[in-house]
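The values are calculated or read from the model by the stated rules, or taken from the named source; none is laboratory data. Here the structure is a predicted model, which means the values were calculated and not measured. Here the Cβ positions follow ideal geometry from the backbone for every residue, glycine too, while neighbour counts run over all protein chains shown.
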Amino acid sequence: MTTPNGLLLIDKPQGITSHDVVAKVRKALKERRVGHAGTLDPMATGLLVIGVGPSTRLMRFAQGQDKVYTGTVQFGVATDSLDADGAVIATSPVPSLTEVVVAAAAATLTGPQSQIPPMVSALKVGGKRLHELAREGIEVERAPRAIVINHFTLTPTTDNAVWHFSVGCSVGTYVRVLLADLAVRLGTLGHLTALRRERSGDHTASEALTLEALAELAEARESVLLPPRSFVDHLPTYVATEENLVRLRRGQLLVFDLDGATGDIAVVDERGHLAGIVHPRGEGFQPDLVLPEVGA
């Protein structure tokens, strides 16, 4: 029996964890090796990039890609988690907000910057997750993270305190922190009330399967996986000679010409199947990762 191997795009529903999604994928595909890139909180929906089988070794390439989120923010109310799952800890009047005023405040939060992760997050400090410490009433110092906000736009609703938003950001960005910071710049408080991941790298939520659709297709033995190469479409690609494919699988240095290559390079066979990842070393290219050979 062929081992499932590839990339799977799932549209995560609200109310379950990313780990729950992984468990359901394992059951549907009958494959133990399943991992995801970029955790979504239970209240969040949208694109979850999944690696299946040997392709779980490629997850780092999906993890590091920019993301796009949409959702809603409510001004005037702060929660202990900065989102709607938390308890209300403070309220504040909401000034009269216009699109011009909100856009000007949002503009101050675009570009490269530092962000301090919230206490209610899955980040580990001293071997323990921050949300576990928060439940114990412990607050610890968190190192700021370098992030980039590529775009940050908001549109009003019929309620002056509730606004829709769209944000494009680098990996490691906490959107709820961004919205809380925006609220402060507007002279009030705020928290995230809905969040949906629309895009991760070149992959979009519109391409993703629901868990129900996955179960039905898997039961019918229909193909649901994109090829492993889909993880690294953004990398420079080298179509290897048979000699270099042998060297790759032996972990030996490959020698070839690829102008301008300075980082990771995807090595594919003549059929376009991803064989591995290499990086420059001296006069050649050192194998970083080698995938199982795809049967003819």
Being over 30 Å from Gly46 (Cα atoms), aliphatic (A, V, I, L, M), modelled with pLDDT under 95 and surrounded by fewer than 14 Cβ atoms within 10 Å (Cβ to Cβ), is that true of even one residue in the range 285-294?
no
Matching residues, the range 1-41, being among the charged types (D, E, K, R), more than 19 Å from Arg57 (Cβ to Cβ) and not in a loop (DSSP other than H, G, I, E, B)
Asp11, Lys12, Asp20, Lys24, Lys27
Only one of these is crowded, with 19+ Cβ neighbours inside 10 Å, modelled with pLDDT of 90 or more and either of a type in the set (D, E, K, R) or under 30 Å from Asn160 (Cα atoms) (or both): Ala275, Ala205. Name it.
Ala205
When every residue in the range 126-172 that is over 22 Å from the mean Cα position of the chain (by Cα) and surrounded by 15 or more Cβ atoms within 10 Å (Cβ to Cβ) is compared, the one modelled with the lowest pLDDT is Leu133
Just to verify a result, which residue in the range 273-291, among those that are among the β-branched types (Val, Ile, Thr) and within 19 Å of Asp259 (Cβ to Cβ), is nearest to the chain's Cα centre (by Cα)?
Ile277
The range 203-242 - residue that is over 30 Å from Ala261 (Cα atoms) and in a loop (DSSP other than H, G, I, E, B) and, of those, nearest to the chain's Cα centre (by Cα):
Ala208
Looking only at the range 243-255, which residues are assigned to a loop (DSSP other than H, G, I, E, B) and either surrounded by 17 or more Cβ atoms within 10 Å (Cβ to Cβ) or at positive phi (or both)?
Gly251
Filtering the range 256-267 for residues that are aliphatic (A, V, I, L, M), part of a loop (DSSP other than H, G, I, E, B) and within 26 Å of Ala37 (Cβ to Cβ) leaves a count of 1
